[in-house]
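One structure below.
Nothing in this text is a laboratory measurement; each read-out follows from the coordinates by a stated rule. Everything numeric in this text was worked out from a predicted model, so none of it was measured. Here Cβ is always computed from backbone atoms with ideal geometry, including for glycine, and neighbour counts include all displayed protein chains.
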Amino acid sequence: EHLSYVNSCCPSRRGPPLVVSGSDDGTAKLWDMRQRGSIQTFPDKYQITAVSFSDASDKIYTGGIDNDVKIWDLRKGEVIMTLQGHQDMITSMQLSPDGSYLLTNGMDCKLCIWDMRPYAPQNRCVKILEGHQHNFEKTLLKFGWSPDGSKVTAGSSDRM
């Protein structure tokens, strides 16, 4: 049902079997795996390159070429918060194992760790990690959390 390339998808952690997808068509779509077709569409102005669910699966997070992380409330179907911290396109995002933090990767060669707990302080970016590199092809580099959430790893175009 997307009108262009799907750049990212992520399954929900809890509740019904849901998947969120983000596309170059500027939409994120919510899919219920028990049904055929998407059940909800979240339109944005720009291509969406990364998506994730909140720990409770009541919100989705999107990132794209506008450099922002948007938090969408599934019940309201609208953006309830925008997080700014990247200076270039967000290429991927992943929730920490305990669901408290969101890790985002940008073409600005930064990893940002965001505090996603309900009563977090206003500035939710708690850590910026620099050092990984992107090449001229601007390929989407990936990363991951350690099982206990205490460390992160990131791919880099310098082959390290």
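If the requirement is being β-branched (Val, Ile, Thr), in contact with a Lys or Arg (Cβ under 8 Å, 6 or more places away or on another chain) and touching a residue at least 40 places away in the same chain (Cβ under 8 Å), which of these qualifies: VAL20, VAL51?
When all the criteria are applied, what remains is VAL20.
Can ILE60 be described as surrounded by 15 or more Cβ atoms within 10 Å (Cβ to Cβ), aliphatic (A, V, I, L, M), closer than 25 Å to PRO121 by Cβ and in contact (Cβ under 8 Å) with a residue 12 or more places away in the chain?
Yes, satisfied.
Name every residue in the range 64-88 that is farther than 21 Å from ASP98 by Cβ and in a strand (DSSP E or B), in order of residue number.
The answer is GLY64, ASP68, LYS70, TRP72, ASP73, GLU78, VAL79, ILE80, THR82, GLN84.
Restricting to the range 42-54, count the residues that are crowded, with 20+ Cβ neighbours inside 10 Å and in contact with a Gly (Cβ under 8 Å, 6 or more places away or on another chain).
7
Which residue is farthest from GLY63 (Cα to Cα), if the candidates are limited to the range 27-46 and must be of a type outside the set (Lys, Arg) and touching a residue at least 24 places away in the same chain (Cβ under 8 Å)?
If we take residues in the range 27-46 being of a type outside the set (Lys, Arg) and touching a residue at least 24 places away in the same chain (Cβ under 8 Å), then GLY37 is farthest from GLY63 (Cα to Cα).
Out of everything in the range 66-81 that is within 22 Å of LEU111 (Cβ to Cβ) and more than 12 Å from the chain's Cα centre (by Cα), what residue ends up being surrounded by the fewest Cβ atoms within 10 Å (Cβ to Cβ)?
So, considering only residues that are within 22 Å of LEU111 (Cβ to Cβ) and more than 12 Å from the chain's Cα centre (by Cα), the one surrounded by the fewest Cβ atoms within 10 Å (Cβ to Cβ) is MET81.
Name the single residue, out of those in the range 2-41 being hydroxyl-bearing (Ser, Thr, Tyr) and farther than 22 Å from ASN105 by Cα, that is surrounded by the fewest Cβ atoms within 10 Å (Cβ to Cβ).
Applying the filter and picking the extreme gives SER4.
Please verify whether the range 28-38 includes one or more residues that are in a strand (DSSP E or B) and within 19 Å of ASP66 (Cα to Cα).
Scanning the range 28-38, I find at least one residue that is in a strand (DSSP E or B) and within 19 Å of ASP66 (Cα to Cα), so the answer is yes.
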